[in-house]
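Structure, as C-alpha cells:
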Amino acid sequence: MYGNDFIDPDEPLNAAEFGDVDDAVAAAATTAAQRAEGGSSFEALLAADQRIEPRDEMPEAYRKTLIRQIAQHAHSEIIGMQPEGNWISRAPSLRRKAILMAKVQDEAGHGLYLYAAAETLGVDRAELLDLLHSGKQKYSSIFNYPTLTWADNGAIGWLVDGAAIMNQVPLCRCSYGPYARAMIRVCKEESFHQRQGFEILWTLSRGTAAQKDMAQDAANRWWWPALMMFGPPDTGDAATTGGHTAQSMAWGIKRFSNDDLRQKFVDMTVPQAAKLGLTLPDPDLRFNEETGHWDFGAIDWSELWRVLKGDGACNAERIERRVGAHHEGAWVREAANAYAARHDLGQQQEYVA
Amino acid sequence: MSRNAIDTSVSDHSVSDHSVSGSSVSDTTLTTDAAAYCLQLGDDALIYAQRLGDWISRAPQIEEDMALANVGLDLLGQARELLTRAGQLDGTGRSEDELAYLRDERQFHNVHLVEQERSDFGFEMARMLWFAAYQCELYAALANSSDETIAGVAGKAVKEVDYHRDHASQWVLRLGDGTSTSYVRMKEGLERVAPYVAELFEDDAVSVAVSEAGVGTLPSSLWDSAFGHVSRVVAQATLTLPTDSTWRSRGGRQGIHSRPMGFLLAEMQHIARSHPGATW
Ligand SMILES: [Fe+2]
Ligand SMILES: [Fe+2]
C-alpha cells in the first residue's frame, strides 16, 4: 500500500542514525589525544576544535550560557516525562506499556546526565531545580501541549523526539566536553524513542478507521509545535533579534542555525509521513526541485510566544506536578541526608540479611 | 506482627478437592490449577507494576523515578510471561493482552496488597519490602518447578526481586533511622501495609494442588524466611513491626477485591476495550 509493508531497521529514521554520533565519538577521541599539542587558552582550544573541560579557564559569559542551556535541557527531560507518563496506566497492550515505561525512565536518566553536566560548571542540581520550580528557568515549550489520545505517544516519539535528535546530534560536538559527552549518550537512546513513536503510528495507520483517525489527529496537532522546537528564525529577513545564535556559534556550542535544522527536519520527516499514510497539516508543503528541499508554510510564531509566556494548555499542570513531587518528597530526601550524615557513608549500608 | 496473623487453613474451596497425592491429580485438573496459579502470580506482578507506574514523575528524586520504573518494568516482564503461560495451560490460548485487558474484576486473582492506591513513599517502601521479600522466597522455590516455563521465569526473576528487596530495605533503613518525621512516616507505612500481609502467605486450593504436583509452592512455606528478612530490616531501622490489626484482607485469590481494584482496571483496560479487535 505504501511501498514496503514493514519498517526497515537498517534504513535511518532520524538524525542519530546517519553515523554523525559515532563520528562525534571518534572526533572527540582524536582531538583528546592531540590536546596537549595545542595551546591551552580558551581561544586556542576553541580554534583547535578541542573540548573545553571543567578545569579549563573559560569566560564567565560562556559558563553562564552553558549553565542556562544545559539546565533548560535537563528541565525539559524531566518535565518531558509527564506527557507520556500520563499514558503509562492506559497503554493498550502490555508490550506498549513496557516500552512506554522504559522510555519515560530514559528521560529521567537524560535529566540526570544533564544535571550532572551542569554541575561541572559549579552549580548544583538542587539550585537548578529551584529555578525551574520558581519559573526562573524554562523547559521546552513543547511539553505544554496535552497528550489527548494514545496516538499522541506515537506523534511525540516520531516528531518531538525526532526534532530533539535533530537539535542534539550537533551538540555531540559541542565545545564543552561534559555536555558533548552527555549528548552522545542521550542521542543513542533518543533514536530508540523516535523509532518506537514511528512504530506506534505505523501500527495505528494500518489499523481500524478509528485508529487511523487517531493517528492523523495526533500528527495534525503535533506537526507545527514540533517545527517550533527549533526556535525562532535566526537567518534571513525573518531573523528575530535577541537570539543567541551568533555568539553560541562562535563558542562552538551551536553549529547550525535554527532554520537549517528545521529544514533538515522537514526534509527528513515529510517522506516519512507519506510512508505512514498520514498527511501533514500544511497546504503549502511542496517539494522544491530547484533547492532540493521541501518548502513549508509560515509558522505562527505568536503561538510559541504565547505558550512560552505561560498560556499553554499544560504550563500550570506540568509545574504543579513537578513542584508537588518535590515538596511531597522533601521528607524522604531529608531522611536520606540525615541518615548518611549520621552513618558517615557515601554508600549503601549493609543490613543484616 | 505475629505468625498468628496468617490464617493457614485453606479458605473457600476445601483442600479435600485436591488433597489427593500429586500423581492421582488428573492432568486436566493439574493444568487447570497450574493455569490458575500462573494467574495468581502474574496478576500480583501486573497489578503492582500498574501501581508503580503511577510513581513515575512523582518520586522524591529523579533517581527514584528511575528505580521505581525499573521495579515496575521487571514486574511487568514477569507478568507478561506468567499470563502467557496461563493462557497456554488453561487451553484457551488467550494472550497476555487478552488476559490483562479483557478479564473483569472477579477474574483477577491478585492479593489486595498490590491493588491498594499509591500513597506516600513510606507506604510504598513498606509494601515493596513485604512484596519483594515474599517474591524472593517464591521465585527461589519456583526455580525448581516441574513446569519449565515457570522455572525459567522464576530463575530469571529471582535476581530482579532480590534487587527490589534490597532497594526497599535500604529505604526502610534510611527512613526509619533518618529524621523524627521519617521515623513516624515509615512506622505509619508499615502499619498501613500490615493488614494486607497475611493474604500473601495464605494457602488455597490452587496452591495446595500445584505444590503437591511440584509445579508450585505453598505460600505458607515462604513465611518464615520472608518474615525473617523484613523483621531484621525493620529492627535495624530502629522500628518495630506493628502488632496484629483488628482486620486483615482476604479473598483476592478468589477474585474478591477491594474498592480500588475496579477503578484500576477501568483505567488500565479502557483504551483496549474501546477498540475491540484492534492491534496496537
Ligand atoms: Fe530525552
Ligand atoms: Fe526522548
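The values are calculated or read from the model by the stated rules, or taken from the named source; none is laboratory data. Everything numeric here is computed off the predicted structure, so don't read it as measured data. Backbone-built Cβ (ideal geometry, glycine too); neighbour counts: all protein chains shown. Heavy atoms of the whole protein, side chains included, go into the accessibility calculation; ligands, DNA and RNA do not. Shrake-Rupley method; radii C 1.70, N 1.55, O 1.52, S 1.80 Å.
Residue A:19 passes every criterion in (1) on the phi > 0 side of the Ramachandran plot; (2) modelled with pLDDT of 95 or more apart from (2).
Taking into account only those residues within the range B:175-215 that are polar (S, T, N, Q) and more than 12 Å from every other protein chain (Cβ to nearest Cβ), which is farthest from residue B:122 (Cα to Cα)?
Of everything passing the filter in the range B:175-215, B:211 is farthest from residue B:122 (Cα to Cα).
A quick yes/no check of all residues on (1) crowded, with 23+ Cβ neighbours inside 10 Å; (2) assigned to a helix (DSSP H, G or I):
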residue: B:92; (1), (2): no, no
residue: B:103; (1), (2): no, no
residue: B:144; (1), (2): no, no
residue: B:151; (1), (2): no, yes
residue: B:157; (1), (2): yes, yes
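The residues of the range A:182-238 that are more than 16 Å from ligand 2 (Cβ to nearest atom), in contact (Cβ under 8 Å) with a residue 24 or more places away in the chain, of a type in the set (Asp, Glu) and surrounded by fewer than 19 Cβ atoms within 10 Å (Cβ to Cβ) amount to a single one, A:217. Of all residues in the range B:116-142, those satisfying the criterion of being within 24 Å of residue B:182 (Cα to Cα), away from chain A (no Cβ under 14 Å) and either part of a helix (DSSP H, G or I) or of a type in the set (Val, Ile, Thr) (or both) are B:127, B:130, B:131. Looking at the range A:111-120, which of its residues are more than 10 Å from every other protein chain (Cβ to nearest Cβ) and either hydrophobic (A, V, I, L, M, F, W, C) or within 9 Å of ligand 1 (Cβ to nearest atom) (or both)? Correct list: A:114, A:116, A:117, A:118.
Just wondering, is there one or more residues in the range A:294-307 that are open to solvent by less than 20 Å² (accessible area, probe 1.4 Å), charged (D, E, K, R) and at pLDDT 95 or above? The answer is no, given that none of the residues of the range A:294-307 is open to solvent by less than 20 Å² (accessible area, probe 1.4 Å), charged (D, E, K, R) and at pLDDT 95 or above.
Among residues belonging to the range B:159-186 that are assigned to a helix (DSSP H, G or I) and either at pLDDT below 95 or small (Gly, Ala, Ser) (or both), point out the one that is nearest to residue B:73 (Cα to Cα). Break it down into steps so the answer makes sense when it comes.
Taking the range B:159-186 first, the residues assigned to a helix (DSSP H, G or I) are B:159-176, B:180-186.
If we keep only those that are either at pLDDT below 95 or small (Gly, Ala, Ser) (or both) too, we end up with B:168-169, B:176, B:180, B:182.
Working: B:168: 16, B:169: 19, B:176: 27, B:180: 33, B:182: 27 Å.
In this case the residue turns out to be B:168.
Criterion applied to A:112, A:159, A:100 was being surrounded by fewer than 22 Cβ atoms within 10 Å (Cβ to Cβ) and within 16 Å of ligand 2 (Cβ to nearest atom), and the one residue passing it is A:112. The criterion of being free of Cβ contacts under 8 Å to residues at least 24 places away in the same chain and either within 13 Å of ligand 2 (Cβ to nearest atom) or closer than 15 Å to residue A:67 by Cα (or both) holds for residue A:127. A single member of B:52, B:39 is buried (at least 24 other Cβ atoms within 10 Å of the Cβ), away from chain A (no Cβ under 13 Å), within 20 Å of residue B:116 (Cα to Cα) and modelled with pLDDT of 95 or more, and it is B:39.
Report whether or not residue A:112 is at pLDDT 95 or above and more than 20 Å from residue A:196 (Cβ to Cβ). It is true that residue A:112 is at pLDDT 95 or above and more than 20 Å from residue A:196 (Cβ to Cβ).
If I filter the range B:230-280 down to residues being touching a residue at least 60 places away in the same chain (Cβ under 8 Å) and at positive phi, which single residue comes out as nearest to the other protein chains (Cβ to nearest Cβ)? So, considering only residues that are touching a residue at least 60 places away in the same chain (Cβ under 8 Å) and at positive phi, the one nearest to the other protein chains (Cβ to nearest Cβ) is B:238.
What residue, of A:134, A:89, A:93, A:175, is among the small types (Gly, Ala, Ser), open to solvent by less than 30 Å² (accessible area, probe 1.4 Å), more than 14 Å from chain B (Cβ to nearest Cβ) and more than 16 Å from ligand 2 (Cβ to nearest atom)? Before you say what the answer is, go through the steps one by one.
Details: A:134 fails: open to solvent by less than 30 Å² (accessible area, probe 1.4 Å); A:89 fails: more than 14 Å from chain B (Cβ to nearest Cβ); A:93 fails: more than 14 Å from chain B (Cβ to nearest Cβ).
Testing whether each residue is among the small types (Gly, Ala, Ser), open to solvent by less than 30 Å² (accessible area, probe 1.4 Å), more than 14 Å from chain B (Cβ to nearest Cβ) and more than 16 Å from ligand 2 (Cβ to nearest atom) leaves just A:175.
Reported count of residues in the range A:320-344, each being crowded, with 19+ Cβ neighbours inside 10 Å, more than 24 Å from residue B:237 (Cα to Cα) and of a type in the set (A, V, I, L, M, F, W, C), is 1. Among the candidates B:216, B:189, B:251, the residue that is surrounded by fewer than 18 Cβ atoms within 10 Å (Cβ to Cβ) and at pLDDT 95 or above is uniquely B:251. Quick one: would you say residue A:70 is open to solvent by less than 20 Å² (accessible area, probe 1.4 Å) and away from ligand 2 (no atom under 16 Å from the Cβ)? It is true that residue A:70 is open to solvent by less than 20 Å² (accessible area, probe 1.4 Å) and away from ligand 2 (no atom under 16 Å from the Cβ).
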